[in-house]
């Protein structure tokens, strides 16, 4: 590997290094575990026309869902298939509001003309399994 190839690889990997840091005690107690993972608020996605809406399932907001509704279904009585989606992260990291999951579901709902229900659940570090 040449010096310039190695430098390019190191620059590419630098974007992922924040995931490898040792968490402090304070960061273990919050859902904001990683830099660069600002939650996306529910909104109308201008690119796909998908409307996302927040719905609390429990009174403490620890368990909630985000609905992804195609533009054509907002004022329609048409029945659509429903996808129930649980984000990745092994019950330890992540949130349904992360841009990766939000953008994926916007694109999927637009392409498949379905309604998606994305669950945000409690993480296991604060709520050990099976309570998570």
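Between residue 43 and residue 124, what's the calculated FRET efficiency when r is the beta-carbon distance and R0 is 35 Å? Round to 0.05.
Efficiency, rounded to the nearest 0.05: 0.75.
What is the pair-distance distribution P(r) of the range 78-132, computed from all Cα-Cα distances in 10 Å bins starting at 0, with each bin given as a whole percent?
Binned Cα distances yield the sequence 24, 44, 23, 8, 0.
Note down the nm distance, to one decimal, between modelled labels 7 Å out along Cα→Cβ at residue 111 and at residue 75.
Taking the simple label geometry, residue 111 and residue 75 are separated by 2.9 nm.
Taken together, the values in this text are just the output of simple stated rules run on the coordinates, not laboratory data. All values reported here derive from a predicted model rather than from experimental measurement. Virtual Cβ from ideal backbone geometry, glycine too; neighbours counted across all protein chains shown.
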